[in-house]
Each structure stands twice: as C-alpha cells, then as structure tokens.
Amino acid sequence: MRIIVGLGNPGAKYKRTRHNVGFRVVERLAEKLGGDFARKKFKGEYAEGDLPNAWQGPKGGDGKLLLVKPQTYMNLSGETVLGFLGYFKAEAGDLLVVVDDVALPVGRLRLRKDGSCGGHNGLRDIEQRLGHNAFARLRVGVGGREHGGEGAPRDLADHVLTAFGADEEKVLEEAMDRAVEACLCWAGQGPEEAMNKFNAAG
C-alpha cells in the first residue's frame, strides 16, 4: 500500500486558499480513482483506490492507494499521518506528502525523496512526530517568494491564506492534473522516475 497525504486546513473558508493545494490534489486524485473521502480515522478523512494499470511499475507493490486529508489544521498534520502509518504498518518509503510551496512559482512541481521542511509547518510537524524526514514530498508552487519574484508578500503566513487570482487558477488547474500524475508515477514507478518526469515540467 502507498499512502498519499494532502495537507490543508479544514473548513469552507480555507477551501480555495493557497495553503490547501494539497487537499485539492488528493481530492482530484480520488475523483480520478473513483473514490471519496467519506470515511474518517485518526482525525483525518480518507479514500481508497487502486493504482491504474498505466502507472503500474516495479515500485507499485500491491497497487493499493490510501489518500488522506488530515483535519487537525496544518500545524498538527503529523498526528493523522502517524496514526495511518502505524495502523497500516507502512514504512516511510510508502508515504508521499503533497504540500504548497511559496518558494516556487504558481504551478511549478518539485518532488523529492526526503529533505527539510523548508519552513512549512505541516511538514515540520510530520517530521517531528516521525523523528525523521526520510519520506517523499511533492511541493506545488503557490508563489510568494520564488527566486527572482517581484513584490513578494511581506507576510507569507497571510499570503498562503489568500485565494488564487483568476489567471493563477488557470495555471493551477493544469498543475494539479500534473500533480495527480506525479503521485501515480511515484506510487507505481518510484520517486526517481517521478522526479525525472515531473520536476522539469511546468
């Protein structure tokens, strides 16, 4: 089984904010797989699905996918992640976390096998609770302080709680489709293949 966790904040007022890109990606992935987030466990909502044949590969295991949305608010995301990993006896290599990234332009993807939290409170909490950072993460750019960007917001905490502009949404729509494919590639073919295919795109 592969576990894909999208990070965000629960509640209607956060639904379309930059911080909730992780939720939106796994919701789109669940829709593609014919699942929904009707079930709850460990303060999270989850859906199940099977890896499509097109993405089957040597890393796919049994082809089962578990999609999770922690409902604890961003800075406590690790509580839910730890619960699911323990319950399903999953290893760190079975985990992919999808998050927003203010250091990337809107729509840019960056997948890594491990790494620092980069100041992201959700990733930081997961790392602290697991005691390591040896799990994959897919960062989706939401703009804010990307290299060479002009007019970066002074308060990034406020920035990630704003909605995307209309033009940004158009870019994001395509990016989320690519992010879904990146998740499936990671699950079936492994992180190296997913990095090669999707980090340079968009």
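Restriction of the trypsin sites (Lys or Arg not before Pro) in the stretch 40-82 to DSSP coil positions whose beta-carbon has at most 16 other beta-carbons within 10 angstrom yields Lys43. Looking at the stretch 2-198 alone, DSSP beta bridges between its own residues are antiparallel in about 50 percent of cases.
A simple spin-label model places pseudo-atoms 7 Å from Cα toward Cβ; at Asn75 and Glu173 they are separated by 3.5 nm.
Out of every Cα-Cα pair that the stretch 31-97 contains, those further apart than 21 angstrom amount to 27 percent. Electrostatic bookkeeping for Arg16 treats Lys and Arg as +1 and Asp and Glu as -1; over the other residues with beta carbon under 10 Å from its beta carbon, the sum is +3. Measuring between their Cα centroids, the stretch 15-56 and the stretch 112-144 lie 19 Å from each other. Size descriptors for the chain (Cα atoms only): Rg and Dmax, in that order, 15.5, 47 Å. Do any chymotrypsin sites (Phe, Trp or Tyr not before Pro) in the stretch 77-132 lie in a loop, going by DSSP, with at most 13 other beta-carbon atoms within 10 Å of their beta carbon, and if so which? Of the chymotrypsin sites (Phe, Trp or Tyr not before Pro), the ones in loops of the stretch 77-132 whose Cβ has at most 13 other Cβ atoms within 10 Å are Phe88. Dividing the summed -39500 (n - 2.57) terms of all DSSP H runs of n ≥ 4 by the residue count of the chain sets its mean residue ellipticity at 222 nm at -10500 deg cm²/dmol. Taking all Cα pairs closer than 8 Å and separated by 6 or more residues, the relative contact order of the chain comes to 27 percent.
Neighbour counting of Cβ atoms within 10 Å sorts the residues His132, His159, fewest neighbours leading, into His132, His159. Cross-link partners of Lys15 among lysines, defined as those whose alpha carbon lies under 24 angstrom from its own and excluding same-chain residues fewer than eight positions apart: Lys32, Lys40, Lys41, Lys43, Lys69, Lys170.
Values quoted throughout were computed directly from the atomic coordinates according to the rules given, and no laboratory measurement underlies them. Source: prediction; values computed, not measured. For neighbour counting, all protein chains shown are included, and Cβ atoms are generated from backbone atoms with ideal geometry for every residue, glycine included.
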